[in-house]
Amino acid sequence: MFSTVGAIGVSPSSPNPTLCAAATATATATIPPHQPPLPPHRRLPRSSSLTLVAAMAGEAASSSPSPAPPSSPPPAAASIRRRKTRRASIGQLLILRVLVSNVKSLQVAKVERAADWRAARTYKESGVIFEGKVEGSNNGGLLLRFYSLLGFLPYPLLSPSHSCRDPLRTIQETAKDLVGSSIAVKVIEANEEEKKLIFSEKDASWSKYSSQVKIGDVFDAVVGSVEDYGAFAHLRFPDGRYHLTGLVHVSEVSWDLVQDVRDFLNEGDQVKVKVINIDREKSRITLSIKQLEDDPLLETLEKVIPQEDQQMPTAQSLSSSTIEPLPGLESICNELLQEEGITDVQLGRQGLEKRVVSQDLELWLSNVPAKDKQFTLLARAGRQVQEVYLTTTLNQDGIKKAVQRVLGRVP
């Protein structure tokens, strides 16, 4: 292509064939060696390259003054003019070659950037994972190379595996060690007009590891940030790294009354958690700590209070005055007798618990096996606890629904 440009740069009326050969040889010598082809989405169309070169060549030819016809000058003067013409033609050719190369480079770079923005949008829409090289960091995140573009990976979207590796280091210190390495990420924003290219390593980790998590699984975990509504816990996988994060809601922290999560959990604590829910559409995992302990709702009275050297009265019917029911319990028992399927309600033993499960009066179904259609409930308020015996034809689910209806009626 540039040999042709050389021919255009030489005056067609030049009588010196050696000049043409020299110019052609010079242009040919400056052509770079063959380069490997670019990826398909970044190639400059051939027609664009030829049009660009032709336009530049035309401008150079039109700007070069045509030499005047010879008027039989003296031999010495004619030789000097031929040397000057030859030097001028070679100089023009070299300048033209540099201009064409620079303009072509700018044009190619522009086409490459446009193609790379299209590729970024395709990655975002398809959700395909991209391996990007970390080229730097700042106070907010990492700078990631995406072909000719430079994108941004915010620190909150990094996988927890980096911070859990050395919890004592700041995220900025950890980020410096990542410069030069490659990270698997997903494109979550690609806006060419605003020059925004945002990545997420958390999204990529979810795609790679969420299939290994099932409801009911138990994980070793490290507590991350602690909020008023619960605590985030990073799950440790068999490879020893912490790839995913779940939420332990405040209601799943402990069976005890939890007024402040920070009274039970702090950042960096090592805990065991149970997976109780997975929302794969929203990429969320719900965890529980208390469900790894015995459910006090199903405990017997013997488990919740010490029994040594205690004399417990036997069960009495509501008409008996021997056992004083807990405040508010008598009205609840009377309402239970109005429920279909419940034929008798009796009050049982009382005691004091070691811990406070609820300040309000609540009825919980005990795990004592039913005998002769008699089920046991535990009435609890503060540290006080009392047994309630139901004679009923209902099953456990029926009893739970009956209790819920009664508690809804009793103020």
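The values are calculated or read from the model by the stated rules, or taken from the named source; none is laboratory data. Not measured: the values here are computed from a predicted model. All Cβ positions, even for glycine, are placed from backbone atoms using ideal geometry, and neighbour counts span all protein chains on display. Just so you know, the surface numbers come from the protein's heavy atoms only, side chains and all, with ligands and any DNA or RNA stripped out. Shrake-Rupley method; radii C 1.70, N 1.55, O 1.52, S 1.80 Å.
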- Message: Which residue is farthest from the chain's Cα centre (by Cα), if the candidates are limited to region 162-189 and must be among the charged types (D, E, K, R) and part of a strand (DSSP E or B)?
- Response: 189
- Using the structure shown, decide if residue 171 is open to solvent by 20 Å² or more (accessible area, probe 1.4 Å), more than 18 Å from residue 235 (Cα to Cα), at pLDDT 95 or above and aliphatic (A, V, I, L, M). no
- Scanning region 213-233 residue by residue, those open to solvent by 30 Å² or more (accessible area, probe 1.4 Å), in contact with a strand residue (DSSP E or B) (Cβ under 6 Å, 6 or more places away or on another chain) and assigned to a strand (DSSP E or B) turn out to be 218, 220, 225, 232
- Which members of region 384-401 meet the condition of being crowded, with 21+ Cβ neighbours inside 10 Å and closer than 19 Å to residue 360 by Cα? 385, 386, 387, 388
- Flag for residue 242 being of a type in the set (Phe, Trp, Tyr) and free of Cβ contacts under 8 Å to residues at least 60 places away in the same chain: no
